[in-house]
Structures are given as C-alpha cells and as structure tokens.
Amino acid sequence: MYQAMTDKKKIRIIHNGGILTPKGFQCGGVHAGLRYAKHDLGMIVSEKPASCAAVYTTSNFQAAPLVVTQESIAKEQVLQAIIVNSACANACTGEQGYQDALKMRSLAADKIGIPEHLVAVASTGVIGEFMQMEKIQSGIGKLTVGKTTEDARDFQTAILTTDTVMKSCCYSAEIDGVTVSIGGAAKGSGMIHPNMATMLGFLTTDAKISSEHLTAALKEVTNTTFNQITVDGDTSTNDMVLVMANGTAGNQPLNPTHPDWAVFLELLKESCASLAKQIAKDGEGATKLIEISVSGAMSDEEARMIGKQIAGSNLVKTAVYGADANWGRIIGAIGQSGASVNPKNVDISLGEITMLKNSTPIAFDEDHAREYLMNDKVEIFVDLHLGEGKGMAWGCDLSYDYVKINASYRT
C-alpha cells in the first residue's frame, strides 16, 4: 500500500495535455462523408516506428479492423500509425469487410509513405454495413496530421459516435531524470460492458519500452480500469485499446526490474482510469457517474466482481437516476455477484451516508440521501469484512433517454 501511494504521488496530471503531448506524435481528422457533417476519419502518426500493445473485445465476433490490426502487430511488434473511422463498424461483413480493412491500411500507409504492416486499423459505428470505400479513399487523400490543439480536436471528433463529449487525458512522471508523458483519446458511450465494449482507446507515450513489456503493463492495468466500466451490459465487436511508445523521452528501457517500473505502471493506470471513467460518465442518456468502491473482499478479483455487478445492475442504475436511496438493490447485486459474502456482516454507504452496518439497517435522512443522489457523481461504498481484497468499478444511471437513443440508433 505504501509503495502504491508513493508511486501515485509521482504522477502529474497535465490539464491542457492530450494525445499530442508526448514527443514525436501527430494526428488529424477530416469529414470523409461517412457521417452527415462531423469529422469521421482520423489518424495518429508516430515520427518513427513505435513499440505497441493492444487489448481487444472478448466478443466472438471480432470486426475486420481488429483482425487486420492484430496481423499488423504480429509482423514486427511495432506500429507507426493508426487509421480510424466512425459511422461504420465494418463488423460481420465477411470477406469484403476484411478486404476493405486491408485497403484502409494500404491507403493510410501510402499516404504517409510507410510499410502497410506499420498501420493499425480501427472502426466504430453500425454493425453489418459495408464500408463506403470511395469516401474512405477520398478522405484519406484529404487527411493531414499536425501537432496543434486543433489537430488533436479533429482526431478526437472523428472517432465519436453517440458520444456527447470528447474524451482525453494526459499524465507525466519523472523516470531516469527525464519527463515521460502518456496522452490518450477515447470514444465510448453505449454497448459498454466488461470486458471491453463499444470503446476505442488510443494512448501515446514517449517512454522507451519494448512491446513485450508494454503489452504486459497494458494487460495488467486494463483489468482494473477499462474492464471495470459498464453502461448497459452489452459487449461490442470492435473494442480496442492501443498504445504506441516511441521512446523519444530518453529514459532507459523500462522493464519489471527497472527502479521506476512501478511509476510507469501507475502512470499508465492513471491514464487508462481517466479515460475509462470519462466513458462511463458519458453513457448514452446518462446524467450521473456511479463509482463503486469495494473493500474487505476475499481477493481483489472478487472485489472487482462485486463492483461490476453493482455498476451493471439496472435496478441500481434506475434507482440512482430517480434519486431513490434503495440500498436493497445494492444488496441484491452483491448477492448474485458470485463472490464470497458473509450475509451477516456487510456495510453499505452512499457517499458519507451509512445505510447498512454489520448487515443491520441504519436509520438515515431520506431527504439528505435524495439530495446526495442528485449529484452528477454518486459514490457507493461496500465493506465485506472478509479479507484484504479491494476494487473499484464505474457505471452510470439509466435514464429515459437511453431508450430513445438506442431505439433510433440507425435512423
């Protein structure tokens, strides 16, 4: 615990930073015509081939862009560019979809003059529709990348679907006496459920680290960040989080024996957690972010299980939306989580309002609780009093607007 807290104190948030803050990256976005008006095609480029790591959807129906990206990475375990489109997922589109994803990769590679296998491909949007390749080709032809705030905004806009806000982050830390930064951009609003959902996350870093160690780091932090968010219980075909590390910061190569390895892990974790929480907060139709903290579990894994169960409960989500302090719904979610529980010794609190202590109801002020539930962030605390396990999860409330948005998604 002391080590983790110490490492976290070394992390600095860069409030005006983003995906272009780390050295040696450019990005941009254009309107290719896949959507009515907004930017819908974007690209990130590293000034040189970069170490890379990626995690993908657990769906059995992985979209063609994910297949192509995995093929690109398998070639040399490095990347130099990512081409992304919104409006069309290019998922469940068979051989044509695969060939279209390959064509996107080829066009992007030709645009910046690099080998095809150094390009990753990502798509998001409607499932089961074919790519409009003439528009893709024209859009890539018009696409330019740069290092300005506007370039970053153009890219972030290009990857959105039903998102209401852009999602970005930037953190830095001192490693080997030099500043190492991680910047991120993400999209995600609906079909969000562990593990991974309609979510695309892109992170850049100027840290020097091999793809092998970066992959291990990303998998470790994903379990406590991106895999701990849920909006509606549905998992998509296109989810991917991808990190590029180009090594321009000047630190010594990072690995688990490096004295600052824990600092880098914390830097990556803070970046991923920030994007994950922004995605949960922007759930379709959401009005509130729900943050669940579970302690006293038999293990961290079981604590995370309970957190996800609470965050994904429609009864909990609707109670939060209606500002109804019905802690019985939280108990119901805990009971069906599959985690070890002593039903005679559980504590539940909403913020600082204790509602259950040692599994005994505690009288509380309903008006005070209702007022607390009107906040745009609601914290739920659970203590199981069984062990040292702890974990967190994030979700959002479930509103009438969620139904409206998804009832007319294609129209």
>> in contact with an Asp or Glu (Cβ under 6 Å, 6 or more places away or on another chain) and on the phi > 0 side of the Ramachandran plot: which single residue out of G338, G389, G351 fits that description?
In response: G351
> In the range 12-92, which strands (runs of 3 or more DSSP E) lie fully inside it and hold 2 or more residues that are open to solvent by less than 60 Å² (accessible area, probe 1.4 Å) and under 13 Å from M240 (Cα atoms)?
Replying inline: 41-56, 78-85
> Among the residues of the range 95-115, which ones are open to solvent by less than 50 Å² (accessible area, probe 1.4 Å) and either farther than 16 Å from I44 by Cβ or assigned to a helix (DSSP H, G or I) (or both)?
Replying inline: G97, D100, A101, L102, M104, R105, S106, L107, A108, A109
> Being among the hydrophobic types (A, V, I, L, M, F, W, C), in contact (Cβ under 8 Å) with a residue 12 or more places away in the chain and surrounded by fewer than 19 Cβ atoms within 10 Å (Cβ to Cβ), is that true of even one residue in the range 340-352?
Replying inline: no
> Under the condition of being open to solvent by 60 Å² or more (accessible area, probe 1.4 Å) and touching a residue at least 60 places away in the same chain (Cβ under 8 Å), which residue from the range 306-326 is nearest to M374 (Cα to Cα)?
Replying inline: Y321
> When both residues are 6+ apart or on different chains and their Cβ atoms are under 8 Å apart, which pairs have a first residue that lies in the range 61-80 and is at negative phi, and a second that is of a type in the set (D, E, K, R) and buried (at least 20 other Cβ atoms within 10 Å of the Cβ)?
Replying inline: A64/D100; V68/R105; S72/R105
>> Looking at the range 126-156 only, could you name the residues that are within 21 Å of the chain's Cα centre (by Cα) and at pLDDT below 95?
In response: V126, I127
>> Anything in the range 364-386 that is within 26 Å of the chain's Cα centre (by Cα) and among the charged types (D, E, K, R)? List them, or say none.
In response: D376, K377, E379
> With respect to the numbered conditions (1) at pLDDT below 95; (2) within 15 Å of the chain's Cα centre (by Cα); (3) not hydrophobic (A, V, I, L, M, F, W, C), which one is the sole condition not fulfilled by G183?
Replying inline: (1)
> What are the pairs, 6+ residues apart or on separate chains, where a residue within the range 249-263 that is touching a residue at least 40 places away in the same chain (Cβ under 8 Å) has its Cβ under 6 Å from a residue that is in a loop (DSSP other than H, G, I, E, B) and open to solvent by 20 Å² or more (accessible area, probe 1.4 Å)?
Replying inline: N251/D176; N251/K208; Q252/D176; P253/K208; V263/K10
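The values are calculated or read from the model by the stated rules, or taken from the named source; none is laboratory data. Note that this is a predicted model, so its numbers are computed, not measured. All Cβ positions, glycine included, derive from the backbone under ideal geometry; neighbour counts span all protein chains shown. Accessible surface is based on the protein model in full, side chains and every heavy atom, while ligands, DNA and RNA are left aside. Shrake-Rupley method; radii C 1.70, N 1.55, O 1.52, S 1.80 Å.
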